[in-house]
1. So which trypsin sites (Lys or Arg not before Pro) in the stretch 175-253 pass both tests, a DSSP loop state and at most 10 other Cβ atoms within 10 Å of the Cβ?
2. For the stretch 251-348, what D do you get in µm² per second when you plug the Kirkwood radius from alpha-carbon pairs into Stokes-Einstein at 20 °C and 1.002 mPa s?
3. Excluding Y362 itself, calculate the net charge of residues whose Cβ lies under 12 Å from the Cβ of Y362, where each Lys or Arg counts +1 and each Asp or Glu counts -1.
4. Once the other residues with Cβ under 9 Å from the Cβ of H172 are scored (Lys, Arg +1; Asp, Glu -1), what is the net sum?
5. Mean separation of Cα pairs under 8 Å and 6+ residues apart, divided by the residue count of the chain: what relative contact order is that in percent?
6. Could you list the GluC sites (Glu not before Pro) in the stretch 190-261 that lie in coil according to DSSP, counting only those with at most 15 other Cβ atoms within 10 Å of their Cβ?
7. With only alpha-carbon pairs counted, each pair once and no self-pairs, how large is the Kirkwood hydrodynamic radius of the stretch 54-168 in angstroms?
8. Ranking request for peptides 126-135, 83-92, 261-270: highest mean number of other beta-carbon atoms within 10 Å first, then the rest in descending order.
Amino acid sequence: MPYTEIDIRTSIRPTVAEIDLGAVQRNLGRLRATIGPGVRVFGVVKADAYGHGAVPVARALEPLCHALAVSLVEEGLELRAAGVRAPILVLGAYYNRHQDEVIAERLTPVIYDRGELERFADAAKRLGRRVEVHLKLDTGMSRLGVAPGELPAILERVDNLPQVKLAGLCTHFASADVEDPAATEAALRTFQAALEAAGAARFSGVIRHAANSAAAVRFPAARLDAVRPGLALYGAMPSEVVRLAGLEATLALRSRIMAVREVAPGTGVSYGGTWRAPRPTRVATLPIGYADGYPRHIRQASVLVAGQRVPIIGVVCMDMLMIDATDLPESALSGPVTLIGRDGAAEITVDEVARWAGTINYEILCGISKRVPRVLRDAAATIPFARTSFSVTP
């Protein structure tokens, strides 16, 4: 399907996020080459596909993954409403009283306690359907999941619920991206021991999955039957400990200068006057601020103008920020300004912006707000993929 949606905002304010869907697909290919052909891939598109736009990214990944994964029921319903037909796994949702909608829209819920299991069984019975679920074990995250010692009792209950089919068993690692591998290796042993204690024969055909991007790359034993890559699809890794060669950045954040003024030495710029001009300074204002997701508390940051790094000065405002354009040629003032991405040979990565803001790359990507239009690039599928099972079930 061609991506030809028109967004009137792109003809008004010049601030846009450029999304390279081809790069998302190629990153998936690089990950697939690492994990090998026998492992399913559940492409994670939660949090609006990490700020890239859930619907277009899901459409780009749909023919290339065994399934997609979201965090919220609402996210799964958005994809279904947009015509995405791939299996969708709901990883950590607050289901409330919406089990009927989950079943009706063929979303696959991850169950993390006995009460939720009962509610889905009741809903399936009411609808005259059978619901496939994945069961989550807590192996050290202490967030959601059944304690390993509770697994036998939960499985016994599943055996007595004809409306429920156990299709998967999963966990989530708390420390896959830290330097010391001990915690992840211990969590994997806990997961595998729980399955063995519950009786391996009971899990014939049940998909086991545990690995996010970091674990999929670093821990081959954690790949099991399927992996759940998220950040790697978007060209980044969660820490310097984890490396995957050849990943491409998938998002560029750009704007243009909206105003220029000359200020005298000692003049304050932006709220509080915390930055003061050390010389006669040309201050250029950009129409992008923290309401767009560019962090207010960023320090010693730069943008790219005509391939040259130019410092951000003063506090980032809600809707604007200022740069020191004193050393730029006049001709550069009418060109694009890159806050994340490449301009000629120069590049500002999302990791660099995260360091300037004292946060992580996840937060920068997910924080780019809905009011920034996403401009889509290269939606053509570039990876041959022979699907043997288009499902989150065997």
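None of the figures in this text is laboratory data; all of them are computed from the coordinates on show. Worth saying up front: this structure is predicted, and the values here are computed from it rather than measured. Note that each Cβ is placed from the backbone with ideal geometry, even for glycine, and that neighbours are counted across all protein chains shown.
1. Values: sites: R189, R202, R208, R218, R223, R243; in loops: R223, R243.
Those satisfying the criteria are R243.
2. Numbers: Rh = 13.4 Å.
In µm²/s, the coefficient is 160.
3. Details: positive: K46; negative: D177, D351, E363.
Neighbour charge sum, excluding Y362 itself: -2.
4. Numbers: positive: K136, R143, R228; negative: D138.
Net charge around H172: +2.
5. Details: 827 pairs, mean separation 83.9, N = 394.
After rounding, I find 21 percent.
6. On the way: sites: E196, E240, E248; in loops: E240, E248.
Loop-located and lightly packed - E240, E248.
7. Details: mean 1/r = 0.0684 Å⁻¹.
Answer for the stretch 54-168: a Kirkwood hydrodynamic radius of 14.6 Å.
8. Details: 126-135: 17.7, 83-92: 20.0, 261-270: 13.6.
Top to bottom by mean Cβ count within 10 Å: 83-92, 126-135, 261-270.
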